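Report on the structure given below.
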Amino acid sequence: AMHYKEDSIRVSGYDLLMNKGFEDWEYWISILKDGGAVFQLNEPLFFYRITKNSRNNSFDSTTEDQLRKNIYFKHADVYNRIFGDPILMLREKERMALQLMTIRKNIFFKIMRKLGFFGKI
C-alpha cells in the first residue's frame, strides 16, 4: 500500500513503543482514523521475507495479546465506532453460545444431524 507523506508526518510515523510487533497495523490505523488515505497496489513491488525465526512468528500468545490490547486501547474510539461496544459484543457472544447449546440438546436437531442435514455445529 502507498500513502501520502503528509499523513505519515501528521501521525509522527511509526510508534516507537510498538517495537515488539504489529507496528505497521497500528501505523495504518493512525493514518486512516482521521481521514488519511492509502492506496492498495495490485502488484508486489518488493519481497518481504518471513522465516520461521521472524519476529512475528516467534512471540508467544501472551505477547500477541498484549500488543493487540495496546493497539485497541490506543485506538478504542475507532474500534468502538466500527465494531461497537466490546462488552455488548461479549454479552451477545455468550447469549449465542447458550442458544447454540439449547439447539444442540433439541431432539429434532439430533435427529436431523443423524440424517446428515447439519455438518459440524
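The values are calculated or read from the model by the stated rules, or taken from the named source; none is laboratory data. In this text, all values refer to a predicted model and were calculated from it rather than measured experimentally. Heads up, the Cβs are rebuilt from the backbone with ideal geometry, glycines too, and the neighbour counts pull from every protein chain shown. For accessibility, only protein heavy atoms count, side chains too; no ligands or nucleic acids. Shrake-Rupley method; radii C 1.70, N 1.55, O 1.52, S 1.80 Å.
For this structure, a couple of remarks:
- Distance violations [Cα-Cα > 23 Å] among K5/K33; K33/K74; K33/K69; K52/K74; K93/K114: K52/K74; K93/K114
- Net charge over other residues, Cβ less than 12 angstrom from the Cβ of D7 (K, R count +1; D, E count -1): +1
- Note, ³J(HN,Hα) from phi for segment 91-103, Karplus 6.51, -1.76, 1.60, rounded to Hz, x at Gly and Pro: 4, 5, 4, 5, 4, 5, 5, 5, 4, 5, 4, 5, 4
- Accessible area of the chain belonging to carbon and sulfur atoms, whole % at 1.4 Å probe: 59 percent
- Ranked by solvent-accessible area (1.4 Å probe, protein heavy atoms only, all chains present), the residues R49, R113 order from largest to smallest as R49, R113.
- The C-alpha atoms of the chain define a longest principal axis, and helix 61-74 lies at about 70 degrees to it.
- The accessible area of T102, taken with all protein chains in place and a 1.4 Å probe, comes to roughly 90 Å².
- For the chain, fraction of C-alpha pairs farther apart than 21 Å, in %: 63 percent
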